[in-house]
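Worksheet: the structure to be examined is printed underneath.
The values are calculated or read from the model by the stated rules, or taken from the named source; none is laboratory data. Just so it is clear, the model here is predicted, and its values are computed rather than measured. Heads up, the Cβs are rebuilt from the backbone with ideal geometry, glycines too, and the neighbour counts pull from every protein chain shown. Quick note on the areas: whole protein, heavy atoms, side chains included, nothing else; ligands and nucleic acids left out. Shrake-Rupley method; radii C 1.70, N 1.55, O 1.52, S 1.80 Å.
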Amino acid sequence: MLHWMYHLKIVNQMMNYRKISFILSLITLIFINGVSARQAREDSPQVAALKRSLEPVMALSLKEIVALVPEASGSTYIGCPNCRGGAQDLNVLTWEYGMGEKVQCRFCKMTFPNATFPNNKQKVIVAPSGTKQVYNYYEDPQGKAYYFEAHAWYERWKWVQKVAAQFTDLWEATKDPAYADRAAAILGRFAQVFPDYAVRFDYPSRPLQFFAANQKWPYEGLQPYRGSKWNWWGYSDIPLDMARLYDRLQKGYDWKRMDQLIQVKTDQKIVSDLLLKGYDHAAANPEIYTNMSPGMYEDMIAVGKIVKDPRMVDDGLKRFNAFIEVGFFADGWWKEGATSYHNQTIGNLGNVVRAAELDPATMPFYKKATDVSKQAILPNGRKLPINDTWAYERTPGKGTDQTVSRLWPALGNALLGTGTGKDQIALNINWSGNYGHSHYDNGSIILYASGEELLSDIGYTHTKYRGATIHTAAHNTVVIDQKGQDAGTVEKPVTGRLKYYDDTDEHVKTIDLDASPAYEIAKTYRRRLVMVHAAPGRDYVVDLFDVEGGASHDWFLYGMCEEEGDLKFSIAADKKLSTLVPEWGGNKMPKNQYDVDLKGTRFHSYSFLRDIQSGNTNGYWTATWRYAQSGLRSHNLSQTGTEVYRFRSPSIRMAEEDNNKLDNYMRNGIMQRHNGGKSSFLSIHEPFTKDTWIDSVYRREDEIIVKYKLNGKQVVDKINLSDNKVSVSSSAGWSYNSGTPRTGIVEGLDQAAGKWSLKLDQAVTKVAYVRLDFPGGDTHYYPVSAVEGRQLKLKDDPGFTMKNGQIKYHTFPHTKYEGILRYTVFEK
Ligand SMILES: [Zn+2]
Ligand SMILES: [Zn+2]
C-alpha cells in the first residue's frame, strides 16, 4: 500500500500566498471603484509596502530577473547533516533571496555547503534541448547525498513564483507596465526552461532520483505520481498559480514587450510549453483516487478554463464524479478515517466545485462529507485526533458551546458527548479499519473533559517516532502478547462490530463494541462504555474491556499529551524496571518515520516506555493524574493477580515536529497486565477540575456502586453490565435501561425520492436506532427517523441497495453480501 504523506506546512504556505494575493486583488477592486482610483491605489499603504519589499528585485534588470528562474529541477527534501533537527527532511534547510546557491539550517544555523560538508560529488544531466545541467552535491561517508544547491533552486523556484504574483498585483494596482514586464519575464522564462526540467523522485529519507525531462509515466520502480516535473509530487504538476498570473496578464498586458527578451508570442509559449506540458505529465499517471487527487482535478478544470481547453475541463470533471463514489463511507467520511485527511480531501473537492461552478445543493453527499468536517472536533476546537490527524490543527477560540454525541457507523467511530461550556465532555472510541493513514487502535478511547484532552491519542507526526505513535501500544486499548493489532485490508477488514449504541438518554450514554477483528488470535476483544452524567460537570465513565485469546493482555491508559502533570497511585508500585520489551522484542531505535514495526521484532513499541515502576493488585486501586487546570482519577477494579505499571513516554505533540526534541516532552501512562487467556478490565474514570468528587467505587455482586454528593446530598448510582444489558439506577431519582432486543428479518429496502425505508418481518415499537446484522457477522447501526408498523424509516442513505437477496454497498468499501439480512432493535 502506498504511504500518502500530507504536507500541511506546504499547503499552508500555498494557501497563505493565495490568500495574500486575494486580499491584494480585493484592495485593487475597492480602489478601482473609487473616485480618484489611480491616485488612491498608488498611495495605499499596502501598495507602498509591496513596492518597498520588491525594491531589491525591482533594481535588477529584466535579464537579471530572467536569470532568477531555475534552469533545472530543484529538490524539496533535505535534512541537516550537522544537527539532524526537524523531521522528514522538510523545512529544515532554508533559503532566502541573496543567499545564492547556499542554504541554512533552521535549527543549528549552519550554512551549507561548507568546509566540513563540501560539494564533493557531481551529477550531470543532458536535457532534451542539449543543455547540460550540473548538480553539485555533498555525499556523506555513509553514501547519503545532500543536494544543497538543488534545494536552493527549489526554494528559489517557489520564491520567484511569489515575486511574479506580487509584480502582477502591483501592475493591477498601478497599471505601470514595468511591473507586468517582470511578471511576464518570469512566466516566459518558465515556459522556456520547463521542458528541460528533469522528472524527479523527491521523497523524504530516500535518495533523489532523476528521469528524462520528456519521459511521462511510467517511471521504473515508482508508484503513480511519484515522478514529478513541476512540483515535488506529480499531483501538483499542473502550474495553476502560474496559469492564474497568465490569465491576469491577459487582461491588458502587451505581450509584444517580451518579443526581444523571451520570444515572439511569449503568451502562446506559456500555454504550450508550461501549462499544457504540466497537464500532459500529470494526466499521464493512472487515476488512483487518493486524498491528493481532487487538488489535481481543480488544476485541470481551472487551467482548462484559462487556456480554453474543454478536454482538460472534462477530464477533471469526469474524475471528480467518479471520486465521490470510490472513496467515501456511507456516513460521509473519507475512507482513511483521519480528520486531517478528510478535511484536506473535502477542502480540495470544494475547490473543484468552485472551479467548475457546480451547485453544492445538487450534491447531498458532498454536504454530508462537509458536515463531518464541522462535527469531528473536540470541544476546544481541535480536530478529532484519530488516526493520522494533526493534533495542532485547531482554530483558537473556535470550540463548541455544546457537545452532542456523534455516531459514524460506516467509518467505525463514535463520540459520546454531553454538556455545555466548560462542562462539555466527549468520549471517543474508534474502530475505523486500515485504509491508509490509520493507526492500529481498535477499541481505543479519547476522553475530553474539564476543558482538556485527559486521555489522548497523539495523532499525526512525521518525526522518527511515528512508528511508535501508530502502534497499538500507544493507544488507550489492549495489547495482546506484546504485539500490535493485525493490519487490515479491504478484503479482510480489521474494524469492529457495533453491538449496541444509545445516545438518547439524558443521564446515560452507552456503547458496546466487539473490536475482535483487531486480533486474529482474539476470541473476545470487547469494550463497553457507559458515560454517566450526574449533573453539569459531574460525569464519569464506566469502562469494561473483556479480552480472551493469547497469553497476556496489556491494558493501556495514557494521560494528556500537552502536559505531563503528576501521576499518583493508591497502591505501591515502586519496583523499578529497566524495560518492558519482551525477550524476543527488538531494541533498535527508529531513524525516521518509515521505521514502523507492528510485530516488534526490530523496533519494539515498549522501548518507548521509560522510567518504569511496577506493583501488584488483587482488587481496587486508583491512578490519579493532576494537571494545572484539571485531573483524572481512574478507579480500577482489577482481577486477582494483575500487575500494574506506570511509566513515562514521549508525548510527541509538544516537540513540534523536531526529532531532536522528542525526548524532552513526556506523558504519564499506566498499564495493567493480566495473564492467563481471559481478562476483564473494569475501570471508572472520574474527570475533575480542582478536586476529585466521587466518594467511593466498589462492586457488590453484579453491580458497580458509585457514591458521590450532589448539592450536599449523598447519591448512590448502581450500574449493572451483565447479560448484554446495561441498567443504571440512581438515588437522585432517575434510572436507565438499555432495552430488550427484538430480532428479525429485513424483507426489503425501499428507496424513493431521497427517502429510505426498511421493511421488517414484524411491527416494532418506536426506536432511535436499528442494528443491521449482515451475513458473516458484520453489523451496521442506523438512525431511525420514524416507525410505522413494519416500516422503519431511516434518517439517511444507508449506503447500500438490496435486491433479490443481494446486498451491495455503493459506498466505500463496496462490500457485497449474499443471504439474509437481519435486524435488531432494542425496545424500551
Ligand atoms: Zn542543523
Ligand atoms: Zn492514534
Kindly indicate whether Gln215 is open to solvent by 20 Å² or more (accessible area, probe 1.4 Å), on the phi < 0 side of the Ramachandran plot and either among the small types (Gly, Ala, Ser) or touching a Lys or Arg at 6+ places or on another chain (Cβ under 8 Å) (or both). no
Pairs with Cβ under 7 Å, 6+ apart, first in the stretch 75-103 and part of a strand (DSSP E or B), second among the hydroxyl-bearing types (Ser, Thr, Tyr) and surrounded by fewer than 17 Cβ atoms within 10 Å (Cβ to Cβ): Val103/Thr94
If we take the stretch 108-204, then strands (runs of 3 or more DSSP E) inside it with 1 or more residues that are modelled with pLDDT of 95 or more and buried (at least 20 other Cβ atoms within 10 Å of the Cβ) are 132-139, 199-201
Flag for Glu491 being free of Cβ contacts under 8 Å to residues at least 60 places away in the same chain and away from ligand 1 (no atom under 16 Å from the Cβ): yes
May I ask you to list pairs of residues, at least six apart or on different chains, whose Cβ atoms are under 9 Å apart, with the first in the stretch 135-164 being farther than 29 Å from Ala183 by Cβ and the second being open to solvent by 20 Å² or more (accessible area, probe 1.4 Å) and small (Gly, Ala, Ser)? Tyr137/Ala145; Tyr138/Ala145; Glu139/Ala145
Could you identify the single residue in Asp574, Asp539, Asp566 that is of a type in the set (Asp, Glu), touching a residue at least 12 places away in the same chain (Cβ under 8 Å) and buried (at least 19 other Cβ atoms within 10 Å of the Cβ)? Asp539
The stretch 684-723: number of residues that are exposed (fewer than 12 other Cβ atoms within 10 Å of the Cβ) and either assigned to a loop (DSSP other than H, G, I, E, B) or touching a Cys at 6+ places or on another chain (Cβ under 9 Å) (or both): 8
I'm checking my understanding of the structure. Among residues of the stretch 410-438 that are part of a loop (DSSP other than H, G, I, E, B) and among the hydrophobic types (A, V, I, L, M, F, W, C), which one is nearest to ligand 2 (Cβ to nearest atom)? Trp431
Asn387 being open to solvent by less than 40 Å² (accessible area, probe 1.4 Å) and at pLDDT below 95: no
Output the number of the condition that Trp230 fails; it satisfies all remaining conditions of (1) over 29 Å from Pro177 (Cβ atoms); (2) modelled with pLDDT of 95 or more; (3) touching an Asp or Glu at 6+ places or on another chain (Cβ under 9 Å). (1)
Restricting attention to the stretch 102-128, the residues that are under 14 Å from Tyr146 (Cβ atoms), within 16 Å of ligand 1 (Cβ to nearest atom) and of a type in the set (Lys, Arg) number exactly 1
Go through Asp503, Asp441 for me and flag whichever is in contact (Cβ under 8 Å) with a residue 40 or more places away in the chain and either within 15 Å of ligand 2 (Cβ to nearest atom) or open to solvent by less than 10 Å² (accessible area, probe 1.4 Å) (or both). Asp441
Failed criterion for Gln485 (all others in (1) more than 12 Å from ligand 2 (Cβ to nearest atom); (2) at pLDDT 95 or above; (3) closer than 15 Å to Leu598 by Cα; (4) out of contact with any strand residue (DSSP E or B) (no Cβ under 6 Å at 6 or more places or on another chain) hold): (1)
Checking Met99 against (1) away from ligand 1 (no atom under 14 Å from the Cβ); (2) crowded, with 16+ Cβ neighbours inside 10 Å: exactly one of these is not met. Which one? (2)
Matching residues in the stretch 297-346 - criterion: being in a loop (DSSP other than H, G, I, E, B), more than 25 Å from the chain's Cα centre (by Cα) and touching a residue at least 60 places away in the same chain (Cβ under 8 Å): Val307
When you go through Leu447, Leu407 one by one, which is the residue that is open to solvent by less than 10 Å² (accessible area, probe 1.4 Å) and either away from ligand 2 (no atom under 14 Å from the Cβ) or part of a strand (DSSP E or B) (or both)? Leu447
Sort out which residues of the stretch 365-402 are in contact with an Asp or Glu (Cβ under 9 Å, 6 or more places away or on another chain), farther than 20 Å from Asn291 by Cα and either more than 16 Å from ligand 2 (Cβ to nearest atom) or not in a loop (DSSP other than H, G, I, E, B) (or both), and write them in order of number. Pro379, Asn380
Going by what's in this entry, would Ser630 be described as over 28 Å from Gln485 (Cα atoms), in contact with a Leu (Cβ under 8 Å, 6 or more places away or on another chain) and open to solvent by less than 70 Å² (accessible area, probe 1.4 Å)? yes
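Conditions tested, residue by residue: (1) in contact with a helix residue (DSSP H, G or I) (Cβ under 6 Å, 6 or more places away or on another chain); (2) farther than 24 Å from Lys158 by Cα.
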| position | (1), (2) |
| --- | --- |
| Asp254 | no, yes |
| Met258 | yes, no |
| Lys269 | yes, no |
| Leu274 | yes, no |
| His281 | no, no |
| Thr290 | no, yes |
| Met296 | yes, no |
| Met300 | yes, no |
In contact (Cβ under 8 Å) with a residue 40 or more places away in the chain, more than 16 Å from ligand 2 (Cβ to nearest atom) and not small (Gly, Ala, Ser): is that true of Lys123 in this structure? yes
Restricting the stretch 67-96 to residues that are within 13 Å of ligand 1 (Cβ to nearest atom) and among the small types (Gly, Ala, Ser), which is modelled with the highest pLDDT? Gly79
